[in-house]
Amino acid sequence: MPFSTLRENDFRGRQEELAALSARVLQADAGAAQSAVLTGPRGIGKTELLKQLFGLLFWKQDRVAPFYYSANPALLSASAFSKSYLTRFLCHRLAFEKKEQSLLYSEGMSLDGLSALVKDRGAAWAKELIDQYERNAGDPVSALRIALAAPHRSALATGTPVAVLIDEFHRLKGLSLDGVADQQLVSLFEETLFHGKTPHVIAGNAAEVHEMPVTNRLERVPLRPLGFAEASARVLSLARPGGAEGNVLPAPPLLLLRRLGGNPFYLGCIGKAVRAEKELDDKDFWNAYIREIMEGTLLLSWSTVLKSFFPDLGLRKTALAVIHKIHHAGGPLSCRQVAASFALTDGVAETVAESLYLAGFIQGEFGVLRPVEDLVLRDIIDCLYLKELLTTASHDLEQELREKLLPEKAEAVRFDLTLPMAGEAELVAAQAIEQFGKNLRLDPDAVGQLQIAVIEACINAIEHSKGTERKLYVGVVAEGDRLEVSVESAGQEFIVQETGEPFGGGDTAKTSGRGWGIKLMKRFADDVRFEKTARGTKTVLIKQLNQSVRAQKEGRTNRE
């Protein structure tokens, strides 16, 4: 079914990729489009991006007809696949002409039913395709060629190009004749991949697709992980605390977001698993994560992958032990070292290693085996290893995971800066904060917004300072998910006791263009405080680093 599992408003962090793919396939209108392969680890969102692309092309333009197909492991005989492929294409192509959503759901329409439909529509090109297919149905290879060529032939006949979107492409390695898989069958796609009016966008298990010769000449389009703001929004869009409807949900802990690595599937699992009966806090998010890797969808998804590549229980346990060793070896291992560690023959060790590579559990290059850069997968491997090989009790397993994962309170990291009230002192403070953020690998969007607020705070301090000490004192503290910057000067006492807000006086209030500095501080910081000190006045700006960055960066205008 081609429709997305996410509403358009909830499809976050992929707008650039979606726009680029749309622009790529729309070049088919000029006969200049090129096919591509989406790459990235499991859960990075290749399927969702294809579905969003289909929806965009189907509803919001009329130049290129979209066709979405997801390879079904139950339809891998050449005859079954070709019939499914042809009927699905014709349904999608006819649906596009009049934007008929009902035709997109016509999964089991027969060729006879299609023949009647195309006759009623006057689609002679489609009737010719069906007739030719039926005449060659006794020759599965010829029928497959006709089905695969259908998008191109329709483009030639109607003048409307077709964007062919194929998900789970790696499954087509199993295309078979008389029950025997024949990898030469998938090579027939090569005859259709390089037509400028029928660009293909292919997705599937990245390692397996990469190993398929038919895709070797296609451009790879990698999907990046979601950024911190997008990742936090992804979790919160799915989290629903019971009994707290209407409450503003706190952002997930930054350390947890880092662990999830911007993987949309992982983020979605945690969002769905958070179900607190009170206001959420950091512990609720971590508890959801622990449940997920012990018994939830995250564990099930990777366990299913392991079983699919290692159906035999004995070999599966060996494979699990091998993965665990590679992930904890502290360095790369060779197949020979793996074979020696587990008393395997070199041939068996190589077979196990190749399957683990294709499944996405390990990396393999230059003859050595390395763990993938996926902390969630490492946690799941540890969990499976403890449960299935060491038979650790659930209570003990949970306790071990908590000790490993729940962070201790992080020590604060800080620096202090004293600046003369000279020209562009505020820019020096902003540059220091930028370098501080880079050194601690803080979210650059959040740091950038806080820089704008700090510039305004410094300018305010300079303009209001009436003391003899012409200096600014800037303090920066990073603690956990919180970044705090204070700007202190020997300024006049301009704090209104009742509100804690700066008081500018009548002249300031009447001056045109004044009053914007504080507004900008509040726009770009999550909390702003004004305090009287022994020196004079301090402005405190706080940014929660794991919250969604809502405001857009703006230049300094209309300063107070």
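Side notes on the structure shown:
- Unmet criterion (only one of (1) without any contact (Cβ under 8 Å) to a residue 24 or more places away in the chain; (2) buried (at least 16 other Cβ atoms within 10 Å of the Cβ)) for LEU384: (1)
- Summed over the stretch 465-498, the residues that are crowded, with 21+ Cβ neighbours inside 10 Å, at pLDDT below 85 and among the acidic types (Asp, Glu) give a count of 1.
- Selection status of VAL248, surrounded by fewer than 16 Cβ atoms within 10 Å (Cβ to Cβ), among the aliphatic types (A, V, I, L, M), at negative phi and modelled with pLDDT under 90: yes
- Any chance PRO225 is without any contact (Cβ under 8 Å) to a residue 60 or more places away in the chain, assigned to a loop (DSSP other than H, G, I, E, B) and either crowded, with 16+ Cβ neighbours inside 10 Å or under 19 Å from the mean Cα position of the chain (by Cα) (or both): no
- Selection status of GLY296, within 24 Å of VAL209 (Cα to Cα), surrounded by 15 or more Cβ atoms within 10 Å (Cβ to Cβ) and touching a helix residue (DSSP H, G or I) at 6+ places or on another chain (Cβ under 7 Å): no
- Test: PRO420 is touching a strand residue (DSSP E or B) at 6+ places or on another chain (Cβ under 9 Å), open to solvent by 10 Å² or more (accessible area, probe 1.4 Å) and modelled with pLDDT of 85 or more: yes
- Any hit, the stretch 272-281, residues being closer than 29 Å to PRO222 by Cβ and either in contact (Cβ under 8 Å) with a residue 60 or more places away in the chain or under 17 Å from the mean Cα position of the chain (by Cα) (or both): yes
- If you go through the stretch 172-186 and keep only what is closer than 25 Å to ALA33 by Cα and either in contact with a Pro (Cβ under 7 Å, 6 or more places away or on another chain) or in contact (Cβ under 8 Å) with a residue 40 or more places away in the chain (or both), you end up with LEU172, LEU185.
Here is a yes/no grid of residues against (1) part of a helix (DSSP H, G or I); (2) in contact with a strand residue (DSSP E or B) (Cβ under 9 Å, 6 or more places away or on another chain); (3) touching a residue at least 12 places away in the same chain (Cβ under 8 Å); (4) surrounded by 15 or more Cβ atoms within 10 Å (Cβ to Cβ):
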residue	(1), (2), (3), (4)
MET109	no, no, yes, yes
ALA116	yes, no, no, no
LEU129	yes, no, yes, yes
LEU148	yes, no, yes, yes
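- Screening the stretch 267-349 for helices (runs of 4 or more DSSP H) wholly inside it with 3 or more residues that are farther than 30 Å from GLU48 by Cβ returns the ranges 313-327, 335-341.
- One residue from LYS119, LYS127, LYS99 being basic (Lys, Arg) and more than 30 Å from ALA30 (Cβ to Cβ): LYS119
- The stretch 322-350, residues that are surrounded by 15 or more Cβ atoms within 10 Å (Cβ to Cβ) and either within 31 Å of the chain's Cα centre (by Cα) or of a type in the set (Lys, Arg) (or both): VAL322, ILE323, HIS324, LYS325, ILE326, HIS327, ALA329, PRO332, LEU333
- Only one of the numbered conditions (1) farther than 16 Å from LEU541 by Cα; (2) open to solvent by 10 Å² or more (accessible area, probe 1.4 Å); (3) modelled with pLDDT of 85 or more; (4) over 31 Å from the mean Cα position of the chain (by Cα) is not met by ALA425, and that is (2).
The values are calculated or read from the model by the stated rules, or taken from the named source; none is laboratory data. The structure displayed is predicted, hence computed values, not measured ones. A quick note on method: Cβ atoms are made from the backbone with ideal geometry, for glycine too, and the neighbour counts reach across all protein chains shown. These area figures cover heavy atoms from the full protein model, side chains too; ligands, DNA and RNA do not enter into them. Shrake-Rupley method; radii C 1.70, N 1.55, O 1.52, S 1.80 Å.
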